[in-house]
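Before any comments, here is the structure.
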Amino acid sequence: MSNESLANLLKEERRFAPPAELAASANVTADAYAQASEDRLAFWAEQARRLSWAVEPTETLDWSNPPFAKWFADGKLNVAYNCVDRHVEAGNGDRVAIHFEGEPGDSRAITYAQLKDEVSKAANALQQLGVAKGDRVAVYLPMIPEAVVAMLACARIGAAHSVVFGGFSADAVASRIKDADAKLVITADGGYRRGKPSALKPAIDEALTKVDGVENVLVVRRTGEEVAWTEGRDVWWHELVDAQSAEHAPEAHDAEQPLFILYTSGTTGKPKGILHTSGGYLTQASFTHNAVFDLKPATDVYWCTADIGWVTGHSYIVYGPLSNGATQVIYEGTPDTPHQGRMFEIVQKYGVTILYTAPTLIRTWMKWGDDIPAQFDLSSLRVLGSVGEPINPEAWVWYREHIGAGKTPIVDTWWQTETGAIMISPLPGVTETKPGSAQRALPGIAATVVDDEAREVPDGSGGYLVLTEPWPSMLRTIWGDDQRYVDTYWSRFEGRYFAGDGAKKDEDGDIWLLGRVDDVMLVSGHNISTTEVESALVGHPAVAESAVVGATDATTGQAIVAFVILRGTAADSEELIADLRNHVGRTLGPIAKPKQIKVVSELPKTRSGKIMRRLLRDIAEGREVGDTTTLADSTVMNLIQSQLPAAG
Ligand code: WT7
């Protein structure tokens, strides 16, 4: 990382101490860091005791065959029992587990006792369909409670789920069903998106013309729209599941029993089936959810706005919150249906206390205007979280001011599908936060920044983020491809996990994430991160969002091309573009001035909110736009192209 760009990021000097009241009653205090650094494995062994084990583990970590880890390997547990039954047994059966809010405005409250019945019935139904321990089940559902029930039913019987995001195409579903060799698919007629029913089952029907091995399709009725039906294969959820007994004995599974496979968004190459197992995964999902959000299960109302189709939904809608007995909101739809205040209205309606969302949504709210959240009572909020990409300081400060009333702590949580759970984050009752920094590895986690030669960089320098010790919720392998697991994550730096992200350590040793290493540009011999230029642009009052790419350039190697979305009141003009270029130059140095700035109304994003810079690079380099199948909205690229002058 070049020194001039490093200096810039470290210029962010705003600091926010934890609220005294929160600090005084925090679930986790500064002692946890000391305790974990004294004996990391003892620390995790203690965290494993958060769970109910049928057979308590005596082993903590087996690292005898690195990088293939086993955690708590001689322990046995049932993950679904931990997420549901034990709360009912502890007398909390009447506590609401899920406040479901459908996009059309229908709502349902489901208590832990009801969830236990639903999961038990679904587990019985899966077994009746011949699904057994060790099988794989593909789940292709909208954000409805049955998605949670389906996942927990799989966990209960020891079948691994493979949730495929509802926005993926038939081809994407087919390749994932095939790779995991799924026996059953659970889907729905459709869900509601942007104010109308959006069909799901046709994609499954099409996918199943391309792959073999799926014996049944279990179909939830959500929209009531007409669906094609294959007799003998398709089964209605309400006919099969509702008729089952609500008694189902949870079998004790090995700690290393596969829990799920989740395919990473795959910006390039064949998607990787990330494999997670049971005991270690649940330990870290549960610990981090308790520690990072300071969850008080009897009084908090938690809301994670992610979709269940990506890992945030797995760990921080299903396994973390439910293992902790939380009350949470699940919302089916889009943030601007029927109006741009919908999400704030939901916070107000349920008295949400903890909100976990992504920078892309925060910047969208900024773009829509400060007056919208101001119309709602958000005073219940006490902790705000961010995940998915680096959050630029301006968005961080806006989030705190306009959503958090200028007083809630913000936890910027760094992790990945592969890490299974949060790895680097402030603790809300402990950390003095810095806008834009994820700050420190959590207790029990070892992260650092190294240079090209794997040498740890000193404070004040940048390089590659690595994890130096195994952790309980780490991926165990890439499904069916151990060699790719070794090559992708453990070969770049001997004995260390390579995360693929650039990062810096500031003078205090706090970590600032800089985005994917693939997104670092090389301009006239200087490394410049796309994140920093984007952050500088969003720091200008006229800019709501930006995406920056390096386009091949005959003179400078790569040239910086920026795509920007303007805030509501700003108008596109030559003066504004010149002003933006100068603003970046002043903030980061002249080398970082974008060669071109293009004003657009949308950016291409995956369903998990990540900007697909690869597609923008295609535009910037004047190529045919590549594969758009993982885009959240496949029409965006056409829209962007129609907004740009032809050629250049
Ligand atoms: C990549 C992982 C973690 C669940 C959602 C994404 C980026 C994630 C942050 C953050 C900076 C972040 C990284 C990482 N990322 N959180 N707080 N600050 N970058 O899961 O799809 O597996 O993506 O998301 O680049 O490697 P994923």
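Some observations on this one:
- Helix axis angle, 574-588 relative to the chain longest principal axis, alpha carbon, degrees: 80
- Amide H within-cut-off set for residue 598, under 5 Å, with H built and near neighbours excluded: 562, 563, 564
- Highest mean packing comes first when the peptides 222-232, 175-185, 363-373, 435-445 are listed by Cβ atoms within 10 Å, giving 435-445, 175-185, 363-373, 222-232.
- Placing a label point 7 Å from the Cα of residue 221 along the Cα-to-Cβ line, the residues of the range 137-165 whose backbone N sits under 18 Å from it are 142, 144-147.
- The range 515-637, Cα convex hull volume normalised per residue, Å³: 109
- Highest average first, the peptides 388-400, 294-306 ordered by how many other beta carbon atoms sit within 10 Å of their residues are 388-400, 294-306.
- Hits among aspartates and glutamates - C-alpha to C-alpha of residue 76 under 13 Å, sequence gap 8 or more where chains match: 56, 59, 251, 254, 256
- Here the Karplus relation 6.51 cos²θ - 1.76 cosθ + 1.60, evaluated at θ = phi - 60°, turns the backbone of the range 113-123 into coupling constants of 5, 5, 4, 4, 4, 5, 5, 5, 4, 5, 5 Hz, with x for every Gly and Pro.
- Whichever lysines have a C-alpha closer than 20 Å to that of residue 367, once near sequence neighbours (fewer than 8 apart) are set aside: 598, 605, 610
- Taking packing as the residue-averaged number of other Cβ atoms within 10 angstrom, the listed peptides 277-287, 133-143, 481-491, 84-94 run from highest to lowest as 277-287, 133-143, 84-94, 481-491.
- Likely footprinting exposure, 518, 307, fewest C-beta neighbours within 10 Å first: 518, 307
- Amide N proximity, the range 47-83 versus residue 484 label position 7 Å along Cα-to-Cβ, cut-off under 18 Å: 67-68
- Full extension of the chain between residue 601 and residue 518 gives 27.4 nm of extra length, using 0.36 nm per residue less the Cα-Cα distance.
- Tensor-based shape of the range 212-351 (alpha-carbon gyration tensor, a/c under 1.5 rounded, otherwise prolate or oblate): rounded
- For the range 89-181, a/c is not less than 1.5, where a ≥ b ≥ c are the root eigenvalues of the C-alpha gyration tensor, and a/b does not top b/c. That puts it in the oblate class.
- Segment residue 380-residue 468, length gained on full extension (0.36 nm per residue, minus Cα span): 27.8 nm
- Unit Cα scatterers, Debye sum, the chain: log10 I(q)/I(0) for q = 0.07 Å⁻¹: -0.42
- Karplus-based coupling profile of the range 212-220, in residue order and whole Hz: 9, x, 7, 8, 9, 10, 9, 10, 7, with θ = phi - 60° in 6.51 cos²θ - 1.76 cosθ + 1.60 and x standing for Gly or Pro.
- Three-way shape call for the range 124-226 based on the alpha-carbon gyration tensor, with the a/c threshold at 1.5: oblate
- Extension gain for residue 15-residue 46 works out to 7.9 nm (0.36 nm per residue, less the C-alpha to C-alpha distance).
- Inter-probe distance in nm under a simple model that places probes 7 Å from Cα toward Cβ, at residue 456 and residue 552: 4.1
- Phi to ³J(HN,Hα) by Karplus 6.51 cos²θ - 1.76 cosθ + 1.60 over the range 51-59, Hz, x for Gly, Pro: 8, 9, 9, 6, 10, 5, x, 9, 9
- Cβ-based exposure ranking for 314, 526, 99, in which fewest neighbours within 10 Å come first: 526, 99, 314
- Share, in percent, of DSSP beta bridges within the chain that are antiparallel, nearest 5: 60
- Tilt relative to the chain, helix 279-292 - C-alpha long axis, 0 to 90 degrees, to 10: 50
- Annotation for residue 252 and residue 494: the two label points, set 7 Å from Cα along the Cα-Cβ direction, are 4.2 nm apart.
Any read-out appearing in this document is the output of simple, stated calculations on the displayed coordinates, not a laboratory observation. The structure displayed is predicted, hence computed values, not measured ones. All Cβ positions, even for glycine, are placed from backbone atoms using ideal geometry, and neighbour counts span all protein chains on display.
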